[in-house]
Structures are given as structure tokens and as C-alpha cells.
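K.L.:
Dumping the structure here so I can ask a few things about it.
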Amino acid sequence: MLLINKIDGTNEDTVRSEFSRYGFSEMLTVSAAHRQGLDDLLDEVVERLPEEGTTETLDDDPGRMRIAFVGRPNVGKSTLVNRLLGEERMIASEVPGTTRDSIAVDMERDGREYRLIDTAGLRRKGRVDEVVEKFSVVKTLQAIEQCQVAVLMLDATEGVTDQDASVLGAVLDAGRALVVAINKWDGLTEYQREQAEALLSRKLSFVPWAEVVRISAQHGSGLRELFRAIHQAHASATMEFSTSEVNRALEIAYETNPPPAIRGHVSKLRYVHPGGSNPPTFIVHGTRLKDLPESYKRYLENFFRKRFKLVGTPVQFIFREGTNPYEGKKNVLTERQVKAKRRLMKHVRGK
Ligand SMILES: Nc1nc2c(ncn2[C@@H]2O[C@H](COP(=O)(O)OP(=O)(O)OP(=O)(O)O)[C@@H](O)[C@H]2O)c(=O)[nH]1
Ligand SMILES: [Mg+2]
């Protein structure tokens, strides 16, 4: 859109005819200082916005693996993306908050196509008050939502902080595959490396399925290992299952270790069917499933992880009462999208 500002105090028709001489047919005239023409401007903007719920441009090329690089400010996300591209496409600097918007760049490596998404560093929620930064947060959360694998970058020289935990939380909320990359590994002494290892394994113990790789974005070390982990996570997150193989798995899991009796009753797991990917989702049907203890759910998850070699991705189980596998809604994706939207709104409002 062509926008002509400072229209106050001029003859609007003269200005319009002046600009149309240059070949512009559509233009809006405003005065930012005097709020003139702003209503029309907003109407035009709203008209051009994409339909609500469309996943925009990041999803337009299904053959491309979408990888988002996330982490708090200054961990080296832009440096890494530049390193992978082999050119200085992103601005990287020692000033935290350099990247303000998510930027997607396509790349080919060893015959495979990727879309790399560099994102703005996320701070802890309470610290986000500037409008620009709220915009950055929303864009980063969208990138997480739209990627297939999120690479969470940590700074080896600074350990794991609350800010890292909040970025990790966003990835887990979205159910995305995850690889943890410890960056700036180059700058550490042997002692510091040992310290860092110990701290990290403690802090990351609640995501035991995520692979951790040590890299230096600046020197380009560890990148082969990083890509191996990304591929592994991607393959797991997008794996397709047949109904018969998941039922076989459930049967063995159930027979090896049936659920415990709760108040004299035992939950029955009768049937399972695949409910979608990214993350892999299994919908289990049975009776008294509300009584199924958390420990048993974890057992099932681990059993499925082992049997199907699922690494680097969350795994979701949905439990439904009743034995008919086709009753009720089957549209798992939509549920997730609704949740995603709620999450975005929460962040936008800065709650
Ligand atoms: N020693 C060392 N420094 C690094 C490495 N990677 C990045 N840096 C430095 O860390 C600083 C921040 O790098 P950026 O790539 O801008 O960080 P970012 O995560 O994109 O930061 P924001 O855009 O602010 O979120 C720069 O001064 C980099 O030179 C690394 O592997 N080793
Ligand atoms: Mg950056």
C-alpha cells in the first residue's frame, strides 16, 4: 500500500494527482500527527489480513523440513543460522535483542531441503512490556507453532536460567519435537565443561527424550551431530502408524503389565488408534480410564517410545471412555489449534 503522510495543510487533490503521475493508482492519504485518515487506513489493513486460522507461508512447502531456532537473547541463534547458510544473512551482535522478528530462510544441505527460522530471543514474561517486544514474542511463538523441530539454544557460559525454562515451556506446550543445542562450547575450560554438563543433565532431566548436542556456532563445530539429532527428532515426530501395529503394542504393554486395581476396579484398555503426528498422538479407548494412574500413563508412553524408537519428540496419549473407536470427535488437530490460539492470546495480553 502506498501511504502519503503529512497531508494536513495541503490540498489533498493536488497531492493525489501529483502521485498518480508516477503511476500509483491506489494510495491513502493520512496525517499521522493529526490522526487524519487513520480509520480508512485501518479498514484497508484489516481487509488485507489473512483469514484467521490459516497457517500462512511457513507451511507452504511440505517437502521442506521446518526448523525453528529458539532461545533467550544473545545465545547465538542468528550466528548459527548464518553459519548454516554460509553467509551473513542475519544480523548477529553482542547486544541482546538484536533479532526482532522471525525470519525464515530456505537452505539445501546434503540433498535435503530445509526452512530455517531465526527467531527473536524470548525473555521471561514479566519483563516483556514494550510493544515491539510483545510483537517479537508473538512471532517467536508462531514460529514454534509452525515448525516441525525446535532447536532450543542454550549458552554454555551461562548455564540454564529461568528464561531458558520459559522458552522450553513454549516448545513443550506446542508439542513440538525438540533438540537442545548447547552453544559457545568453544569458550570453556575443561573444568567449566564438567560443571556445565552436570548442571545441564540436572536441569533437563524432565525432558529425558530430548537429545542434547554441544556446538559452537561461531566455529561451526558440532553441526553434523546437530543435524543428525534434528533428523532423528523429525522422523519420530512425523512417523506414521498403522492401527494394527499400535494395537499390537498396546496389547503387549497391557499383558506385560496390566493397570493396578483402584478401589476394587481395574481400568480396561481395549483399543487404540493413531491420532495424528507432530507430536505422535495415540487415542486409547477403554473403560474406567479416569482411574488410570499417572504412573501407568508414563509406563505406556515409555513402552511406545521404546517399541517405535521415538526420540526427540513429545508423545501424546488421549484417553477416551467407551469401546467404540469411532465415536466422538476424531479431529485432534483442531483441538490443538484451539489450544495454540489460546496460548498466543495469553501472551499477547501479557498475562
Ligand atoms: N564464543 C562464542 N560466541 C558466540 C558463539 N555464537 C555466538 N556468539 C556470540 O554471541 C553473541 C550473540 O550472538 P547472536 O547470534 O546475535 O545471538 P542471538 O541469539 O541471535 O541474539 P538475539 O537476536 O538478541 O536473540 C555475538 O556476539 C556472537 O558473536 C559461539 O559459538 N561461541
Ligand atoms: Mg538474533
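K.L.:
At D39 and V138, where each label point lies 7 Å from the Cα along Cα→Cβ, what is the point-to-point distance in nanometres?
P.N.:
Here the modelled spin labels are 2.4 nm apart.
K.L.:
A follow-up question, please. Could you calculate the contour length gain from L49 to D291, that is, 0.36 nm times the residue separation minus the distance between their Cα atoms, to one decimal place in nm? Write out the running numbers ahead of the final one.
P.N.:
Numbers: separation 242, 0.36 × 242 = 87.12 nm, distance 4.63 nm.
Fully extending the segment from L49 to D291 adds 82.5 nm.
K.L.:
Same structure, new question: Kindly give the semi-axes, whole Å and largest first, of the ellipsoid equivalent to the range 58-120, taking each as the square root of 5 times a Cα gyration tensor eigenvalue.
P.N.:
On the way: eigenvalues 93, 32, 13 Å².
Largest first, the range 58-120 gives 22, 13, 8 Å.
K.L.:
Per q in 0.14 Å⁻¹, report the Debye log10 I(q)/I(0) for the range 95-215, using one uniform scatterer on each alpha carbon and no solvent.
P.N.:
-0.66
K.L.:
How many angstrom lie between the Cα centre of the range 1-28 and the Cα centre of the range 178-217?
P.N.:
Cα centres, the range 1-28 to the range 178-217: 57 Å.
K.L.:
Cα-based Rg of the chain per 2.2 N^0.38 Å, rounded to two decimals?
P.N.:
For the chain, the normalised Cα radius of gyration is 1.22.
K.L.:
Follow-up. So how far apart, in nm, are the two label points at S25 and I262 if each is 7 Å from Cα heading toward Cβ?
P.N.:
Reported label-point gap for S25 and I262 is 6.6 nm.
K.L.:
Could I ask something else about it? If you place +1 on the Cβ of every Lys and Arg and -1 on the Cβ of every Asp and Glu, how big does the dipole about the Cα centre of the range 243-321 come out, in debye to the nearest 20?
P.N.:
On the way: 13 positive and 7 negative charges, 12 e Å.
So the dipole magnitude of the range 243-321 works out to roughly 60 debye.
K.L.:
Using mean Cβ contacts within 10 Å as the protection proxy, how do 295-303, 148-156, 277-285 order, highest first?
P.N.:
Working: 295-303: 15.6, 148-156: 25.9, 277-285: 21.1.
Those peptides, ordered most packed to least, come out 148-156, 277-285, 295-303.
K.L.:
Hey, another quick one. Over the Cα atoms of the range 2-48, how large are the radius of gyration and the largest Cα-Cα distance (Dmax), in Å?
P.N.:
Using the Cα atoms of the range 2-48, the pair Rg, Dmax is 10.8, 29 Å.
K.L.:
Just grab the label-to-label distance for S205 and H219, each label 7 Å out from Cα along the Cβ direction, in nm (one decimal).
P.N.:
3.1 nm
K.L.:
Quote the relative contact order of the chain in percent (integer), defining contacts as alpha-carbon pairs under 8 Å separated by 6+ residues.
P.N.:
Values: 566 pairs, mean separation 46.5, N = 351.
Once divided by the residue count of the chain, the mean separation gives 13 percent.
K.L.:
Top to bottom by accessible area (1.4 Å), largest first, where do M239, M1 land?
P.N.:
Working: M239 60, M1 125 Å².
Largest accessible area first, the list is M1, M239.
The values are calculated or read from the model by the stated rules, or taken from the named source; none is laboratory data. Values in this document were obtained by computation on a predicted structure and should not be read as measured data. All Cβ positions, even for glycine, are placed from backbone atoms using ideal geometry, and neighbour counts span all protein chains on display. Accessible surface is based on the protein model in full, side chains and every heavy atom, while ligands, DNA and RNA are left aside. Shrake-Rupley method; radii C 1.70, N 1.55, O 1.52, S 1.80 Å.
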